[in-house]
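What follows is a set of notes on a single structure, which appears directly below.
None of the figures in this text is laboratory data; all of them are computed from the coordinates on show. Just so we're clear, the structure is a prediction, and the values are computed from it rather than from any experiment. Because the Cβ atoms are built from the backbone with ideal geometry, glycine has one as well, and the counts that use them run over all protein chains shown.
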Ligand code: AMP
């Protein structure tokens with residue numbers, strides 16, 4: 001039976017006890033409203049580890065002013081049921097008041113990586129991410145943490161954080177899970193009407209276009225970016241492109257020529273939702 005833990009001390013004490021018993025703890029940090037992307041991380045953790053802990057916390061410090069913190073979708077009971085079906089052992093749902101008391105002062109910043117791509121459009125976002133992940137690692141004390149490549153920049157920032165701060169935690173990256181038509185799964189997809197959802201397909205379609213251009217020998221990032229932008233802007237509910245970028249996956253610096261492993265990443269506003277997607281070039 002799945003166990004729900006709501007306080008930091010109870011989670012820390014239990015993790016300490018499990019570690020003393022020699023148990024390997026796998027951890028999946030989330031903001032809830034589970035879809036197959038989340039489930040794939042939980043299944044992998046269930047496969048590899050003795051104890052699976054999933055946190056659900058809509059982290060206020062990673063949302064900027066005017067972003068969708070208040071309307072971010074939430075369904076704790078539904079999430080617990082889904083996690084239970086996979087065999088997750090513990091759901092950790094701390095309160096915002098306990099995580100960030102009124103005298104809270106400490107933040108974690110991963111320099112350079114955090115200011116590129118999404119960081120350029122969401123100032124403070126990755127500082128919030130790095131801070132909450134650090135706190136969750138100190139509370140859950142996992143041996144492994146499972147993260148999706150859907151949030152590629154977040155993954156790289158957390159990998160760097162783990163390396164730089166010497167966390168004794170293995171990061172396990174897992175592939176993007178998509179709907180049948182290619183749309184990357186996201187809790188935010190629930191915002192879409194049927195028509196807007198069609199425009200949301202512009203992201204995966206643009207990545208498919210890049211793929212076919214590259215398969216046909218195109219190596220010039222400027223040409224690929226231009227054609228991707230044109231395709232995206234041809235969809236009716238696309239409001240704005242934040243970026244379409246062809247970059248080195250380690251430092252997010254633009255490449256002068258596409259090669260194996262180049263990261264093609266994009267962020268696009270469709271209606272009121274900001275969507276991201278990416279593809280690592282395979283030649
Ligand atoms: P979130 O609840 O959106 O903060 O996501 C929690 C974890 O699930 C993060 O590691 C995400 O990268 C991962 N995730 C979200 N969507 C997907 C997806 N479509 N495929 C794979 N992983 C995902």
For this session: Please figure out what share of the DSSP beta bridges in the chain is antiparallel and state it in percent, rounded to the nearest 5.
Result: 50
Exercise. Using only Cα atoms, what is the ratio of the radius of gyration of the chain to 2.2 N^0.38 Å?
Worked result: 1.02
Problem set entry | Percent RCO, i.e. relative contact order, over segment 173-283, from Cα pairs under 8 Å lying at least 6 residues apart | 24
Exercise. Based on the Cβ-Cβ distance from residue 233 to residue 96, what FRET efficiency comes out when R0 is 35 Å, to the nearest 0.05?
Worked result: 0.40
Seminar exercise, completed: Per the rule of 0.36 nm per residue minus the C-alpha distance, extending residue 272 to residue 195 adds in nm 26.4 nm
Problem set entry | Chain lengthening between residue 181 and residue 12 when straightened (0.36 nm per residue, less Cα-Cα) | 56.7 nm
For this session: Quick one: angle between helix 152-164 and the longest Cα principal axis of the chain, in degrees between 0 and 90, rounded to 10, please.
Result: 50
Seminar exercise, completed: Mean separation of Cα contacts under 8 Å (at least 6 apart) over the residue count of the chain, i.e. the relative contact order in percent, is 17
Exercise. By counting other Cβ atoms within 10 Å of each Cβ, how are 138, 11 ranked from fewest to most?
Worked result: 138, 11
Seminar exercise, completed: Between the Cα axis of helix 221-233 and the main Cα principal axis of the chain, the angle (0 to 90°, nearest 10) is 80
Seminar exercise, completed: Extension length gain for residue 170 and residue 104 (0.36 nm per residue less Cα distance), in nm, is 20.9 nm
For this session: Jot down the per residue volume, in cubic angstrom and as a whole number, of the convex hull over the alpha-carbon atoms of segment 53-113.
Result: 140
For this session: Please work out the Cα center distance from segment 23-42 to segment 94-157, rounded to the nearest Å.
Result: 16
For this session: With everything on Cα atoms, drop me the angle between helix 36-48 and the longest principal axis of the chain, reported from 0 to 90° to the nearest 10.
Result: 50
